[in-house]
1. Determine the order of Ser277, Ser73 by accessible area, beginning with the largest, at a probe radius of 1.4 Å.
2. Between 0 and 90 degrees, rounded to the nearest ten: what's the tilt of helix 330-343 against the longest Cα principal axis of the chain?
3. Could you state the number of Å between the C-alpha centres of the stretch 111-130 and the stretch 133-172?
4. Can you list the HN-Hα couplings for the stretch 279-285, worked out from phi with the Karplus curve (6.51, -1.76, 1.60; θ = phi - 60°), rounded to whole Hz and with x for Gly and Pro?
5. Mind pulling the angle between the C-alpha long axis of helix 387-417 and the longest principal axis of the chain? Nearest 10 degrees, somewhere in 0 to 90.
6. Could you tally the net charge around Ala17, taking each other residue with its Cβ under 14 Å from the Cβ of Ala17, Lys/Arg +1 and Asp/Glu -1?
7. How many nm is it between the label spots at Ala148 and Ile97, if each spot is 7 Å from the Cα in line with the beta carbon?
8. Ignoring everything except DSSP H segments at least 4 long, calculate the 222 nm mean residue ellipticity for the chain; use -39,500 (n - 2.57) per segment, divide by total residues, nearest 500.
Amino acid sequence: MSRIAVIGAGITGVTTAYALARRGHHVTVLERHRYAAMETSFANGGQLSASNAEVWNSRATVFKGLRWMFTRSAPLLLNPRPSWHKYSWIGQFLCQIPNYRRNTIDTVRLAIAAREHLFSIAQREGIAFDHEQRGILHFYATRHEFEAATKVNTLLREGGLERRPVTPDEIRAIEPTLHGRFYGGFFTESDSTGDIHKFTQGLAQACERLGVELRYDAPVICVRQTTDEKIAVTAQCDALPETSTFDRLVVCAGVGSRALAAQVGDQVNVYPVKGYSITVHLDDAQSRAAAPWVSLLDDKAKIVTSRLGAERFRIAGTAELNGENRDIRADRIEPLVRWARSHFPGISTSRVVPWAGLRPMLPDMVPRVGRGRRRHVFYNTGHGHLGWTLSAATAEAVAQLVSDDAASGTCSMQAARGPG
């Protein structure tokens, strides 16, 4: 049985550990926090959204970003302060524009596959995570916005997603609590929402039942390959460095993946793109009745929503290129609150919990899933804004690669020994 280290206990790390454990490996997860799902997997928008699988490498996105650069409340904000990491990442991002169509279609297909894996995991392990299978509704205020979305919809349908256009009257019928003037929209019935934090913590408990060792409060400080082609991982445990040796390593460390990859000779150019969310607590009956159950996406404002049980309403959005900065800025939270009041005037915003997380994004917006340059080093990272949506499929993919590598190693050893 192969001994495998997984670095990171966010959604990608825990789904990877689970997929490996079900294949019979001995898995150790190393996580710097005291619990699973305490960073980007803590309070995201909640959408399991193949309908939001469009990558951002398009000229339209770049032009919008340039217009928004100096508007502090804009959906996309770039800190112009010089940084080699940031500007080299942006350069690579721009070079991926010719791959926009292919990457979008491939991401849609991956998201659809991931959906089935995640649902089966939740059912098999009995994980309750405020799952709502009511679809996702994209809405647009102008004809220009709707026509641009229609072009994107062509790619999504080519990737296999069933998504239908809806009229303003149909928008109101699908989600009666939504206020505003609309030109049209798109509705994806197969998409859903849920609480990523609850799911990841529930799956971490399932991993422990399968024999996975979860080491919390154990930030990894060094990774290296030993002379006998093992992987030595040094973590800070109880203020002292502790080194363990493994047969294989899977890096699922979110924005920390870039530094770890560099230690073993790989370039994994993950950049931390900050996103914000608010959780509106629906403490009174009027607020609960005025909040939507159908998940929404306002494409112009780049805001998504999800209903997390009867008493919580999650609103998330914005993208901020500002390095590894986790500060919660009032001027980035205020537009989310204002949006809630505008579209759902019956909701009380007297108790709103703000949050900020760093999305680990690669320049091509496609996760890195596969082998590194060093033998027995693998990656499952860089999922960006779709970690919750894609994780169950990428975990299966990397677990199969690791298993194939372990099997080939066993066959090689047996061949070396010869008969008898």
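The values are calculated or read from the model by the stated rules, or taken from the named source; none is laboratory data. Keep in mind the model is a prediction, meaning the values are calculated, not measured. Positions of Cβ are generated from backbone atoms using ideal geometry, with glycine treated the same way; all protein chains shown enter the neighbour counts. When the accessible area is computed, the model is the full protein with side chains, heavy atoms only, and any ligands, DNA or RNA have been set aside. Shrake-Rupley method; radii C 1.70, N 1.55, O 1.52, S 1.80 Å.
1. Numbers: Ser277 0, Ser73 60 Å².
Output order, biggest surface exposure first: Ser73, Ser277.
2. Computed tilt is about 50 degrees.
3. Value for the Cα centre distance between the two parts: 25 Å.
4. Going residue by residue, I get 10, 8, 7, 8, 7, 10, 4 Hz, with x marking Gly and Pro.
5. It is inclined by approximately 10 degrees.
6. Working: positive: Arg3, Arg22, Arg23, Arg209, Arg215, Arg248; negative: Glu31, Glu125, Glu208, Glu213, Glu396.
Summing Lys and Arg as +1 and Asp and Glu as -1 gives +1.
7. For Ala148 paired with Ile97, the spin-label model returns 1.5 nm.
8. On the way: 11 runs with 155 residues, N = 420.
The helix contribution divided over the chain gives -12000 deg cm²/dmol.
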